[in-house]
């Protein structure tokens, strides 16, 4: 009986600490929104899409960039082997990069397409038919 009471006290105390912490972090919603928008604006690329998926011959990678620079794109198989890679220049605004999957002799299967820009890594699953 004493153990149950003691455990109950621990849960009640821990719950009140969580409630106070949650209240403090929600006191200023503007600072929370500011930190979220700041983190989003620091990202080199946003809204990355890979299409069509599944792909037969020509793959397109589209994204928006908030600065000029370079992006590395790699196609990686399920055991981690890089079967294709390229580096492309990117500009501020919308960017679309095309990859000739059929011409690169990438066999049908499941892959991952990995994009690296300014030490940020974006990965999407890719199916090649």
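Read the figures in this text as sums done on the coordinates, not as results from a lab. Model, not experiment: these values are computed from the prediction.
Quick notes on this structure:
- Counting every C-alpha pair in the stretch 44-128, the share spaced more than 19 angstrom apart comes to 31%.
- Across the stretch 44-128, Cα pairs under 8 Å and at least six residues apart give a relative contact order of 34 percent.
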